[in-house]
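Okay, structure first, notes after.
Coordinate-derived values only; no laboratory data. Quick caveat, the model's predicted, so the values are computed rather than measured. Every residue, glycine among them, receives a Cβ derived from its backbone with ideal geometry; neighbour counts consider all protein chains shown.
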Amino acid sequence: MGDYFERIVDLEVTAADAGALAERTVDWMVSRGWLSREMSGDTMYSLQVDEGYVPGPDWAQIAQEWGVDWMPGPVAVIVGRDAHYPGQGAIEPSAVDCPRCEATTVIIDYPQRWEADKAVWQPFSAAIDAWKETGAGSATCLSCTVTSPITEWNWADCFALGSLAFDFWGWPPLTDEFITELGARLGHRIEHHTGKF
Ligand SMILES: [Zn+2]
């Protein structure tokens with residue numbers, strides 16, 4: 001068990017479709033024996049939900065071998081538009097690339113700075129808040145001056161905006177095969193990161 005997580009975010013599913021897709025995905029993982037239907041809130045700290053699915057009898061098929069005594073924690077399924085931060089403490093992404101011209105906007109100028117430039121981050125942060133509330137938000141590129149939906153920007157550090165996420169709490173690293181298969185099941189682009197409570 002542990003207080004860290006590995007998270008997979010669906011970057012494309014709409015909020016309206018996320019609930020049904022979550023159910024289908026859980027059904028699939030239960031049918032393979034990777035998850036059970038039992039819910040628990042032990043050793044998990046997702047902000048959005050209190051309980052997750054307890055690992056099934058065959059959970060070890062989708063994770064690296066960490067010894068026979070290892071028992072991973074629950075898998076939280078998070079439905080709804082949200083900003084998903086890797087690491088610890090919801091630190092802003094260090095940069096973002098414009099989806100049109102690919103110019104990079106630096107948000108945290110490591111290693112000179114260790115905090116987001118507030119003036120740079122503010123329009124992105126406001127667009128994320130608008131998207132979370134209404135499903136639409138956009139930001140304007142300072143290089144090409146084109147305004148694009150906030151969900152189309154390419155974030156550094158595996159920061160992700162999405163309406164469906166799976167938090168694997170205290171699991172050994174998930175196998176590449178499983179992550180590829182999960183992405184194919186979801187049928188959308190995914191982001192993948194790790195973090196700590
Ligand atoms: Zn641009």
Exercise. How high is the relative contact order of the chain, given as a whole-number percent (alpha carbon pairs under 8 Å, six or more residues apart)?
Worked result: 38
Seminar exercise, completed: Computed for segment 95-155: size of charge dipole around the Cα centre, +1 on C-beta of each Lys and Arg, -1 on C-beta of each Asp and Glu, debye to nearest 20, value 60
Exercise. Among 26, 36, 183, whose Cα sits farthest toward the positive end of the charge dipole of the chain (+1 at Cβ of Lys/Arg, -1 at Cβ of Asp/Glu, about the Cα centre)?
Worked result: 183
For this session: Please give the calculated 222 nm ellipticity per residue for the chain, where each DSSP H segment of at least 4 residues contributes -39500 (n - 2.57) and the sum is spread over every residue; nearest 500 deg cm²/dmol?
Result: -7500 deg cm²/dmol
For this session: May I ask you to sort 163, 143, 46 by Cβ crowding, counting other Cβ atoms within 10 Å and putting the fewest first?
Result: 143, 46, 163
For this session: Over all alpha-carbon pairs in segment 6-97, figure out the percentage whose distance exceeds 15 Å.
Result: 67
Seminar exercise, completed: Partnerless cysteines (no other Cys beta carbon under 4.7 Å) identified across the chain are 158
Seminar exercise, completed: Here the Cα Rg-to-2.2 N^0.38 Å ratio for the chain is 1.07
Problem set entry | Table column - 3J(HN,Hα) (Hz), segment 16-25, Karplus curve with 6.51, -1.76, 1.60, x for Gly and Pro | 5, 8, 5, x, 5, 5, 4, 4, 4, 5
Exercise. Roughly how many debye, to the nearest 20, is the charge dipole of the chain about its Cα centre, given +1 on each Lys and Arg Cβ, -1 on each Asp and Glu Cβ, and no other charges?
Worked result: 380
For this session: Arrange the following residues from fewest to most other Cβ atoms within 10 Å of their Cβ: 196, 132.
Result: 196, 132
Seminar exercise, completed: Neighbour-count ranking for 147, 43 (other C-beta within 10 angstrom, fewest to most) reads 147, 43
Exercise. Where does the charge balance sit around residue 82 when Lys and Arg score +1, Asp and Glu -1, over other residues with C-beta under 13 Å from its C-beta?
Worked result: -2
Exercise. Roughly how big is segment 1-105's charge dipole about its Cα centre, with Cβ charges of +1 (Lys, Arg) and -1 (Asp, Glu), in debye to the nearest 20?
Worked result: 180
Seminar exercise, completed: Most fluctuating of 166, 124, 178 in the GNM of the chain (C-alpha, under 10 Å) is 178
Exercise. Each residue of segment 163-173 in turn: what ³J(HN,Hα) in whole Hz from Karplus with 6.51, -1.76, 1.60 and θ = phi - 60°, glycine and Pro shown as x?
Worked result: 9, 8, 9, 10, 9, 8, 8, x, 8, x, x
Seminar exercise, completed: Longest the chain segment clear of GluC sites (Glu not before Pro) sitting in DSSP loops (not H, G, I, E or B) with at most 11 other Cβ atoms within 10 Å runs 116-197
Exercise. What residue among 73, 19, 89 shows peak mean-square fluctuation when the chain is described by a Gaussian network model with Cα springs under 10 Å?
Worked result: 89
